[in-house]
């Protein structure tokens, strides 16, 4: 497969992720959109690493996967705390919790 195909796939995933973050209707959707953005970066790293014939892209992708797992854990804890207080995960209502 050509590098262009991987870059097009990564650009499409990145665009979907950015759209999901900008629309910000639901807290879980925002977290999933951030994961899409991180996965598009992983595709780019692995594709460029394979093109150059080294493992640097794969190593960086593993680090990004570890950071993404930690981000999901913290993010879901925050979303659950918001749900317990407001009975909704609508991010437009979160600013009402300022005090």
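Please treat every number below as a calculation from the coordinates, not as lab data. Since the model is a prediction, treat every value here as computed from it, not as a measurement. FYI the Cβ positions are ideal-geometry reconstructions off the backbone, even for glycines, and counts take in every protein chain you see.
If every alpha-carbon in the chain counts as one equal scatterer, what log10 I(q)/I(0) does Debye give at q = 0.10, 0.16, 0.21, 0.22 1/Å?
For the chain, the Cα-only Debye profile gives -0.36, -0.73, -1.01, -1.07.
Give me the percent relative contact order of the chain, please, defined on Cα pairs under 8 angstrom at least 6 residues apart. Numbers along the way, then the final one.
On the way: 89 pairs, mean separation 27.8, N = 99.
Over the chain, the number comes to 28 percent.
What does a probe at residue 11 reach in the range 23-44, counting residues whose amide N is under 17 Å from the point 7 Å along Cα→Cβ?
37, 40-44
How would you rank 6, 63, going from fewest to most other Cβ atoms within 10 Å of each one's own Cβ?
Details: 6 17, 63 11.
The order, fewest Cβ neighbours first, is 63, 6.
Can you compute the modelled spin-label distance between residue 64 and residue 50, with each label point 7 Å from Cα toward Cβ, in nm?
Rounded to a tenth, the inter-label distance reads 1.4 nm.
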